[in-house]
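As structure tokens, the structure follows; a few thoughts come after it.
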Ligand SMILES: NC(=O)c1ccc[n+]([C@@H]2O[C@H](COP(=O)([O-])OP(=O)(O)OC[C@H]3O[C@@H](n4cnc5c(N)ncnc54)[C@H](O)[C@@H]3O)[C@@H](O)[C@H]2O)c1
């Protein structure tokens, strides 16, 4: 049994249809003794009624702010800008430990309120491997959008879909022009997803991982028509594409899909753009001659909300059922470290 009170919050971003817990797993949580509160959320792929049917209490969107202090608030993406002081423990992807824009402000909000960020990106086993991740679907979609763009078949705005419908448009039409594609970070979760989408699209990509970029052959990289970047950078490395490559008349690269989206971070391997692209306008032209198009969408798996939520929830469930387990302790430690690095008083930050 557990005394965990988990509060599944509404996502503020209107395109975010995913959820970290699907109704089937909500049932398992309730059966496992977790008190589950679920916020109404108009865009969530699963209606609140499906959570209610398995024993969750339903509350209005955004009401976590007034939840009892020992409640653990669960979400995926960013919190709203208010309140300024965060008093709860929050599980979500904070994107706050790599010097990203807004990172320090978020950590200060936690420190000010005595809450804590339990960042899903840092929920790892004792060998440092991520326990729940959306990577496969991110890579799948990053590559799928790149293919559709390259074949001039991408329509905006992007809309959530399902895998069968996406595969139908991905398959090559008879007589389709062939092109070359490079997946970097090919051995990781999103790399595998990217390779799967390219296979459906009838493209056999070049696959690079750490071994192939150690001594970066940028000329070979720029010699592909399409690049799908799927690396998870942990230390700074020479950029894969530089400003001067945009003007290089010998560049063959035409479509750049950045799944990693480390824009603004010192670890960014693609420092040739300064903001992500959006569902309304997924492609930005970075260079006119020769042309280079960028796709850099930071919530790709939300385009396949049902499939990606179900996979993520399946992996997160055992961790939620064991909230006293070591992985959450590691998350807490990582949060404390980030606060210390920022000079935030440790006493103020994190109560678990
Ligand atoms: N855009 C989105 O919607 C979205 C969604 C989920 C994840 N992501 C991001 O995608 C990235 C990858 O996630 P993942 O789950 O696939 O990670 P992962 O750890 O499973 O895989 C990353 C791969 O990158 C490789 N790598 C690291 N540095 C490299 C380098 N310098 N050169 C070549 N290969 C290198 C690693 O060896 C590994 O195989 C992360 O930054 C993650 O935050 C983006």
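Need the full-extension length gain, residue 187 to residue 214, defined as separation in residues times 0.36 nm minus the C-alpha distance. One decimal, nm. Please list the in-between numbers first.
Numbers: separation 27, 0.36 × 27 = 9.72 nm, distance 1.47 nm.
Separation in residues times 0.36 nm, less the Cα-Cα distance, equals 8.2 nm.
How would segment 155-225 be classified by its alpha-carbon gyration tensor: rounded, prolate or oblate, with rounded meaning a/c under 1.5 and the a/b versus b/c comparison settling the rest?
Cα axes put segment 155-225 in the prolate bin.
Modelled label-to-label distance, residue 125 and residue 199, 7 Å Cα→beta-carbon offset: nm?
2.2
Would you list 93, 46 from fewest to most Cβ contacts within 10 Å?
Exposure proxy ranking, most exposed first: 93, 46.
Using only the Cα atoms of the chain, build the gyration tensor, take square roots of its eigenvalues as a ≥ b ≥ c, and label the shape rounded, prolate or oblate: rounded if a/c is under 1.5, else prolate if a/b is larger than b/c, else oblate. Don't skip to the end; give the middle numbers.
Working: a/c = 2.12, a/b = 1.55, b/c = 1.37.
Prolate.
With 10 angstrom as the radius, rank 273, 51, 122 by how many other C-beta atoms surround their C-beta, starting from the fewest.
Placing the least packed residue first, the sequence is 273, 122, 51.
Counting only the backbone N, which residues of segment 43-73 are under 12 Å from the spot 7 Å out from the Cα of residue 24 toward its beta-carbon?
No residue passes the distance filter.
I want to verify a result. In a Gaussian network model of the chain, Cα cutoff 10 Å, which of these has the top mean-square fluctuation: 78, 39, 212?
212
Please build a GNM for the chain, connecting alpha carbons under 10 Å apart, and tell me which residue among 94, 33, 114 fluctuates the most.
For the chain, modelled as a Gaussian network with Cα springs under 10 Å, the answer is 33.
Give the shape of segment 135-303 as rounded, prolate or oblate, defined through the alpha-carbon gyration tensor: a ≥ b ≥ c are the square roots of its eigenvalues, a/c under 1.5 means rounded, and otherwise the shape is prolate if a/b is larger than b/c and oblate if not.
rounded
Comparing 342, 123, 300, which has the greatest mean-square fluctuation in the GNM of the chain with Cα pairs linked when under 10 Å apart?
For the chain, modelled as a Gaussian network with Cα springs under 10 Å, the answer is 342.
Just to be sure I understand the model, the point goes 7 Å from the Cα along the line to the Cβ. What's the resulting residue 2 to residue 165 distance in nm?
Result: 3.4 nm between the two label points.
Where a number appears in this text, it was derived from the coordinates with a stated rule and is not lab data. Just so you know, these numbers come straight off a predicted model, no measurement behind them. Glycine also receives a Cβ, built like all others from the backbone with ideal geometry; neighbour counts cover every protein chain displayed.
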